[in-house]
1. Give me the angle, in degrees from 0 to 90, between the Cα long axis of helix 2-45 and the longest principal axis of the Cα atoms of the chain, rounded to the nearest 10.
2. Each label point is 7 Å from the Cα along the Cα-to-Cβ direction; what then is the distance between the points at Asn60 and Ile27, in nm?
3. Calculated from DSSP H runs of 4 or more alone, at -39500 (n - 2.57) each and per residue, what is the 222 nm mean residue ellipticity of the chain, nearest 500?
4. List the longest stretch of the chain that has no exposed loop site; here a site is one of the trypsin sites (Lys or Arg not before Pro) assigned by DSSP to anything other than H, G, I, E or B, with at most 13 other Cβ within 10 Å.
5. Which value, in Å to one decimal place, does the Kirkwood hydrodynamic radius take for the chain when every pair of different Cα atoms is included?
6. Quick check on the exposure proxy: order Thr100, Thr108 from fewest to most C-beta atoms within 10 angstrom.
7. Can you give the charge dipole size of the chain about its Cα centre, rounded to the nearest 20 debye, using +1 on the beta carbon of Lys and Arg and -1 on the beta carbon of Asp and Glu?
8. Sum up the charges of everything whose Cβ sits under 9 Å from the Cβ of Trp94, counting Lys and Arg as +1 and Asp and Glu as -1, but leave Trp94 out.
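Read-outs: derived from the displayed coordinates by stated rules, not from any lab. Model, not experiment: these values are computed from the prediction. Don't worry about glycine lacking a Cβ; one is built from the backbone with ideal geometry, like all the others, and counts go over all protein chains shown.
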Amino acid sequence: MIAVEFALMIPIAVLILVSEFTLGEAISISRKVAITGRTLTDLVARRASVSTADLTTILNASTQIIAPFSTANLTIILAELTTDEKGETTKIVWNEPFNTTKLVDGSTFVLPAGMAQASTSLIYAYVRYNYTPPFGAKIIPAVPIRYTFYINPRITSSVPRVD
């Protein structure tokens, strides 16, 4: 009788253990993705200007922030956005990608409602991690964990790219 109860409980216990591990890892990655985006925007916002080498160094720092997780599933867009004098149109001034394609500089960008202010610049980061659960990867598709960050430049009104 005990053997039958044990045999019935083992699959449930294993399922709970695997689910707990998977959920814990997903929460940890979500936290790391948020920290990555916040750190990258802050590193750029603290500068008076940036170069391509600076941006490469800053983006490469994401490998240390996201560790011990792989950066193979990590994509980042780091950019400066600026609004016109009426606060109606926002454009991409410059951007630097990590594991993704570059946005078009000068193209229009849609800010969340209420965020656009006249003649201002924002440092923008979009960080996405495609989380594939270690167990059941064939059953459960990759789950995108993504965060978007906007921060005002701290030293100057904008952070120009100088190359």
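1. That helix lies at roughly 10 degrees to the long axis.
2. Each label point lies 7 Å from its Cα, and together they span 3.5 nm.
3. Details: 3 runs with 58 residues, N = 163.
Taken over the chain, the calculation gives -12000 deg cm²/dmol.
4. Numbers: sites that count: Arg46, Lys86, Lys102, Lys138, Arg154.
The segment 1-45 is the longest one with no such site.
5. On the way: mean 1/r = 0.0560 Å⁻¹.
Hydrodynamic radius (Kirkwood, Cα only) of the chain equals 17.9 Å.
6. By the 10 Å Cβ count, ascending: Thr108, Thr100.
7. Numbers: 13 positive and 12 negative charges, 18 e Å.
Using Cβ point charges on Lys, Arg, Asp and Glu, the chain gives about 80 debye.
8. On the way: positive: Arg161; negative: Glu80, Glu96, Asp105.
Summing Lys/Arg as +1 and Asp/Glu as -1 gives -2.
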